[in-house]
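The values are calculated or read from the model by the stated rules, or taken from the named source; none is laboratory data. The structure displayed is predicted, hence computed values, not measured ones. Because the Cβ atoms are built from the backbone with ideal geometry, glycine has one as well, and the counts that use them run over all protein chains shown. These accessible areas exclude ligands, DNA and RNA; they are computed on the full protein's heavy atoms, side chains included. Shrake-Rupley method; radii C 1.70, N 1.55, O 1.52, S 1.80 Å.
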Amino acid sequence: MLPSLLLLHAVLGVCALAGARRFGRRALLVGAIAPAVTLSWAALSARGILDGTPRTSTATWVPGLGLSIDFRVDAFSLVMVLLVSGIGLAILAYAGNYMGPDRSTVGRLAGLLVLFAGAMTGVVVADSLLTLYLCWELTSVTSYLLIGLEDETAEARAAARHALIVTVGGGLSMLAGFVLLGLEAGTFSLSGLLADPPSGTVTSVALVLVLVGAFTKSAQYPFHAWLPRAMVAPTPISGFLHSAAMVKAGIYLIARFAPAFAEVGPWRPLVVGVGLFTMLAGGLRALRPFDLKQLLAFGTISQLGFLVVLMGIGHPAVTAAGVAVLIAHALFKSALFLVVGIVDRTCGTRDIRELPELGAGWGPVRFVAIAASASMAAVPLLAGFIAKEQAYAALLDGGTGDRLVLVGIVAGSVLTVAYSARLLTAILRPDLLIAPDRPRSTSTAAPSVAFWAPAVVLGALSVILGVLPRLWSGLVDEAARALDAAASAHLLLWHGFNPALLLSAVTLGLGAALFLLREPVARLQERLAPPVDGTDVFEGILDRVVRLAGWTSRTTQAGSLPLYLGIILSLTFLVPVLALLIGGAGPIRPESFARPIHWPIAALILIGAVATTIARRRFAAVLLLGSAGYGMALLFVAQGAPDLALTQFSVETLFVVVFLLVLRRLPDRFDHEPPRRDAVLRIGASVIVGVGSVLLFLAATGSRVVEGISGEMSRLAEPIGGGRNIVNVILVDIRGFDTVGEVTVLAAAAIGVVALLAGRKRVEEP
Amino acid sequence: MRRSIIFDTTVRLVFDAALVLSIYILFAGHNQPGGGFVGGLVASAALALRFLAGGVDEVRDTLRVPARLLPAVGMLLAIGTAIVPLAFGKRPLDHGLATWDLPLLGELHVATATVFDAGVYLIVVGVMALIIEGLGE
């Protein structure tokens with residue numbers, strides 16, 4: 001069932017893409033089938049999975065290489081599948097009203113969103129490291145295409161490129177980590193790896209590589225800058241990929257690995273350090289922007305840092321709290337994005353300084369904004385509060401280290417409260433955030449029911465789960481247990497008066513104070529703000545890389561053929577001769593060149609070669625060179641190698657023909673005489689290379705220390721290759737891969753020739 | 001361009017024979033001197049003769065299909081024979097061999113290696129045809 005679900009995503013996504021122009025908005029309907037079916041499947045199989053029996057499926061992929069595609073859905077994967085398909089469905093429903101009238105853009109959006117949802121589902125259900133990696137990179141690629149959906153703007157293209165380079169680069173690092181881990185553990189199965197985790201230096205290195213992948217994907221400092229930039233994408237995309245789904249892939253991976261690897265090497269300090277820093281830095285940055293989506297983006301970065309700490313620390317109770325925070329965050333953040341999208345579309349701006357007040361008909365949107373922001377700030381009676389209480393309580397129960405982490409978490413949460421308040425105020429009373437002398441305006445337009453309905457569903461979920469925690473207590477408990485058998489969660493609305501509750505109250509109080517003191521805080525931040533931001537750094541690095549590449553090309557590709565030839569020839573000569581001088585030569589066997597038939601052939605080759613160099617006319621030079629080549633072919637005949645001789649004759653003939661084609665465009669004679677100094681240099685180089693080659697071959701034939709493989713090959717040719725022509729069997733069978741490589745080079749060269757000539761034609765005929 | 005009747009006629013006579021020879025070399029390659037690469041070179045030489053006699057147009061008429069198709073199909077054949085064995089649980093480039101007794105012709109060996117070689121043949125011919133087309137205008 002699982003593979004067919006993923007296949008359904010792929011097929012529907014491609015259909016929507018292919019028919020984008022024709023389908024228009026209907027593509028959203030077609031695409032919605034995939035997440036809808038997945039959601040129903042997940043709901044139907046939930047009972048069995050929550051009872052502790054994961055759904056698995058194995059499909060062989062390339063048996064010859066031992067590759068298979070394995071899927072496994074345990075309770076934690078189930079939570080992720082529910083979030084991805086559920087929120088995906090809401091987003092698809094919402095996008096129809098959000099997107100403009102351009103049919104093909106809507107169609108492309110639908111197709112790509114469905115493809116993304118399929119890839120993301122693949123990430124969270126994969127049980128083979130390589131399948132996981134494949135789906136992981138597919139999410140990066142679809143994300144790239146989605147960020148660049150409005151590809152006519154340079155801003156969107158640059159943002160898409162930024163996200164692609166960072167996340168795919170991190171993915172490559174992760175792949176290297178996976179390979180190391182797989183080799184250390186002896187299995188590429190995720191469940192097998194986690195059941196019997198390796199340890200040691202190699203494992204530590206591998207884990208750091210994997211963490212780099214997770215950090216880039218989940219926008220942790222210092223890789224975070226792509227996420228705020230990705231906000232140029234239409235809001236449905238931001239709300240799905242860049243808050244609820246794709247950025248959670250890194251969290252998912254950390255959550256899976258932490259119980260097994262938290263004690264290994266640098267895992268815990270790295271994860272806790274990066275996560276806490278990200279939570280604080282993202283929270284601080286979220287206090288500044290006037291663009292609502294930027295505010296949400298930095299809020300997301302901060303929350304992702306929070307999740308990295310909770311999931312990565314590897315203590316059972318904290319992991320359980322992490323699952324709750326993950327669910328709560330997905331619900332309130334996607335709802336907030338939808339709200340901002342509605343405001344943006346209806347009022348024509350999402351800049352706090354220009355926002356009007358929301359008039360009549362905005363009730364439901366106000367409700368969602370209040371519910372979701374309050375959930376984000378962890379106000380009681382909302383899902384976010386339940387989850388954060390769990391986190392506080394779990395960290396309070398831990399050791400000294402955990403309590404230190406808790407201090408950072410509380411500080412980050414204070415910032416969360418402050419920017420949540422800022423966001424809510426911006427939506428409800430924007431005039432409070434800006435100079436009071438500005439004339440107040442009220443929005444006359446109001447969004448339609450269909451537009452706000454998906455947001456209301458998500459916002460209501462934050463409330464329902466907050467009021468009735470037992471609805472999701474079992475799910476969180478089982479999901480945490482799937483990660484770490486020792487974990488358990490018991491979500492309650494009221495734990496009694498305890499230190500965690502006190503901390504929540506302190507957090508809310510300090511956050512409110514920070515919000516009220518926003519003007520002095522803003523001035524302070526203004527003064528302390530670093531002169532460059534992450535985007536500048538990234539673009540700076542990219543710029544340097546491009547310039548370095550240009551410099552390398554200019555330096556190594558000077559465009560002088562004699563120089564290239566000189567370097568190639570002297571290297572082919574120098575390297576082996578050096579080896580010869582260091583290693584010493586064996587005995588020289590004169591029998592290899594002493595047969596009488598060789599002398600006239602050698603004379604022919606010599607005359608041809610020397611005459612070529614002194615010929616005045618190009619045509620004559622080509623023919624003379626050809627005669628040297630024919631001499632070589634005769635030598636092959638004399639040595640009893642008809643295959644080689646036949647090939648050499650054909651090559652020489654064709655060589656002359658191709659030369660003739662080129663000569664038609666060149667002057668008849670070599671009119672350019674090289675200066676005398678150059679000529680001496682060239683003659684000297686030729687003689688050295690020629691003499692050196694002869695010595696080298698003589699030494700090489702004499703220095704054999706083990707029996708050659710040719711005997712073995714001629715013995716093998718008939719039984720394994722089924723042919724009596726050894727040369728051919730070697731080419732197509734024994735060394736068949738080489739031939740594949742060579743013909744590929746040949747075909748690529750042909751493409752190069754065609755492209756070069758076509759380019760020249762364009763230059764000639766502008 | 002001025003065409004020589006004698007050369008033209010001779011080329012037409014030789015061309016078909018050379019093509020047959022090249023295909024013979026391709027198929028004979030498994031047991032006797034020859035193979036896809038040499039066969040392709042001989043066919044290319046035949047093509048080059050056509051070019052010398054009648055220019056690029058004559059080469060295009062002779063090929064009938066666009067020259068760039070040849071390396072493409074050749075690559076498909078070569079890579080295909082490398083990949084298809086994977087589907088049957090074998091290693092890439094594992095070759096099969098079948099022997100039939102045919103009336104009149106006698107024993108016939110068919111090896112999938114020949115398909116691979118045919119790919120090489122097409123690539124070589126295609127590359128030469130592309131070069132002739134590109135430079136011969």
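When the convex hull of the Cα atoms of region A:644-744 is projected onto a plane and the area is averaged over all directions, what value comes out in nm²?
Numbers: hull surface 43.3 nm².
Orientation-averaged projected area of the Cα hull: 10.8 nm².
Report, as a whole number in µm² per second, the diffusion coefficient that Stokes-Einstein gives for region A:1-96 at 4 °C and 1.567 mPa s using the Kirkwood radius over alpha carbon pairs.
Details: Rh = 14.7 Å.
The calculation lands on 88 µm²/s.
Quick check: Cα centre of region A:521-549 to Cα centre of region A:151-213, how many Å?
Measuring centre to centre over Cα atoms gives 26 Å.
On average, how many beta carbons from a partner chain sit within 10 Å of the beta carbon of a residue in B:119-128? Provide the component values of the computation, followed by the final result.
Details: counts 5, 7, 1, 2, 6, 6, 0, 3, 9, 4.
That average works out to 4.
Give me the tail of P(r) for region A:161-226 as a percent: Cα-Cα pairs with distance above 19 Å.
Values: 754 of 2145 pairs.
So the portion of pairs separated by more than 19 Å is 35 percent.
If r is the Cβ-Cβ distance from residue B:84 to residue A:411 and R0 is 51 Å, what FRET efficiency results, to the nearest 0.05? Display every interim value, and only then the final one.
Details: r = 61 Å, r/R0 = 1.20.
Given R0 = 51 Å and the Cβ-Cβ separation, E is 0.25.
If every alpha-carbon in region A:269-322 counts as one equal scatterer, what log10 I(q)/I(0) does Debye give at q = 0.22, 0.30 1/Å?
-0.72, -1.00
For q values of 0.15, 0.17, 0.22, 0.24 Å⁻¹, compute log₁₀ I(q)/I(0) with the Debye formula on a Cα-only model of region A:102-186, without solvent.
-0.61, -0.73, -1.01, -1.11
Step by step: find N for region A:327-420, compute 2.2 N^0.38 Å, then divide the Cα radius of gyration by it. What's the final number? Mind showing how you got there, number by number?
Values: Rg = 16.4 Å, N = 94, 2.2 N^0.38 = 12.4 Å.
Ratio of Rg to 2.2 N^0.38 Å for region A:327-420: 1.32.
If region B:6-72 were replaced by its equivalent ellipsoid, with semi-axes equal to the square roots of 5 times the Cα gyration tensor eigenvalues, what would those be, largest first, whole Å?
Details: eigenvalues 100, 48, 12 Å².
Semi-axes, largest first: 22, 16, 8 Å.
Working with all protein chains in place, sort A:164, B:70, A:695 by solvent-accessible area computed with a 1.4 Å probe, largest first.
Most to least solvent-accessible, the answer reads A:695, A:164, B:70.
In percent, how large is the relative contact order of chain A, given Cα pairs closer than 8 Å and 6 or more residues apart? If you can, show how the numbers build up before the last one.
Numbers: 1110 pairs, mean separation 72.1, N = 766.
Result for chain A is 9 percent.
Sorted by accessible area (1.4 Å probe), largest first, how do A:41, A:362 line up?
Listed by decreasing accessible area, they come as A:41, A:362.
Kirkwood hydrodynamic radius of region A:184-269 from all distinct Cα pairs, in Å?
Computed over region A:184-269, the radius equals 14.2 Å.
Just to be sure I understand the model, the point goes 7 Å from the Cα along the line to the Cβ. What's the resulting residue A:607 to residue B:137 distance in nm?
4.2 nm
Okay, helix-only estimate at 222 nm for the protein assembly as shown: each DSSP H run of n ≥ 4 adds -39500 (n - 2.57), divide by all residues, round to 500 deg cm²/dmol; what do you get?
Calculated mean residue ellipticity at 222 nm is -24500 deg cm²/dmol.
For region A:688-753, take every pair of Cα atoms, bin their distances at 10 Å starting from 0, and report each bin as a whole percent.
P(r) for region A:688-753, in whole percents per bin: 18, 25, 31, 24, 2.
With each pseudo-label sitting 7 Å past Cα toward Cβ, what's the residue A:51-residue A:195 distance in nm, one decimal?
In this crude label model, residue A:51 to residue A:195 measures out at 2.1 nm.
Give me the inter-chain shielding for A:661-667: mean count of other chain Cβ atoms within 10 Å, whole number please.
2
Which FRET efficiency value, to the nearest 0.05, do you get for residue A:679 and residue A:543 by plugging their Cβ-Cβ distance into 1/(1 + (r/R0)^6) with R0 = 60 Å?
0.85
Using only Cα atoms, locate the centre of region B:1-22 and the centre of region A:221-263, then give the distance between them in Å, rounded to an integer.
Using only Cα atoms, the two centres lie 68 Å from each other.
For a quick size check, give me the Cα extents of region A:494-565 along its three principal axes, largest first, whole Å.
86, 34, 12
Give me the mean projected area, in nm² to one decimal, of the convex hull enclosing the Cα positions of the protein assembly as shown.
On the way: hull surface 201.4 nm².
In nm², the orientation-averaged hull projection of the protein assembly as shown is 50.4.
Note the direction-averaged projected area, equal to a quarter of the hull surface, for the Cα convex hull of region A:368-471, in nm².
8.7 nm²
How far, in nm, would the chain grow between residue A:737 and residue A:555 when pulled straight, counting 0.36 nm per residue and subtracting the alpha carbon separation?
So the extension gain works out to 62.1 nm.
Out of every Cα pair in region A:574-719, what percent are spaced more than 22 Å from each other?
Looking at region A:574-719, the distances longer than 22 Å represent 59 percent of pairs.
Taking R0 as 56 Å, what's the FRET efficiency between residue A:351 and residue B:62 from their Cβ-Cβ distance, rounded to 0.05?
Efficiency, from the Cβ-Cβ distance: 0.25.
Pairs of lysine in the protein assembly as shown with Cα under 23 Å and at least 8 positions apart or on different chains: total?
8
So how far apart, in nm, are the two label points at residue A:665 and residue A:432 if each is 7 Å from Cα heading toward Cβ?
If labels sit at residue A:665 and residue A:432, their model points lie 7.4 nm apart.
Using modelled backbone amide H atoms (1.01 Å from N, in-plane), which distant-in-sequence or interchain residues come within less than 5 Å of residue A:443's amide H?
Amide H to amide H, under 5 Å and 5 or more residues apart or across chains, residue A:443 pairs with A:357, A:358, A:359.
Could you sort A:519, A:152 by their accessible area in this structure, using a 1.4 Å probe and putting the largest first? Walk me through the numbers before you get to the answer.
On the way: A:519 115, A:152 140 Å².
Accessible-area ranking of A:519, A:152, largest first: A:152, A:519.
How long are the semi-axes of the equivalent ellipsoid of region A:297-453, defined as square roots of 5 times the Cα gyration tensor eigenvalues? Whole Å, largest first.
For region A:297-453, the ellipsoid semi-axes come out as 34, 16, 11 Å.
Determine the sum of side-chain charges near residue A:526: Lys and Arg each +1, Asp and Glu each -1, restricted to other residues whose C-beta is under 15 angstrom from that of residue A:526. Intermediate values should be presented prior to the final figure.
Values: positive: A:285, A:288, A:518, A:523, A:527; negative: A:519, A:533.
Taking every other residue near residue A:526 into account, the sum is +3.
Can you compute the equivalent ellipsoid semi-axes for region A:247-354, i.e. the square root of 5 times each eigenvalue of the Cα gyration tensor, sorted largest first and rounded to whole Å?
Semi-axes, largest first: 31, 14, 8 Å.
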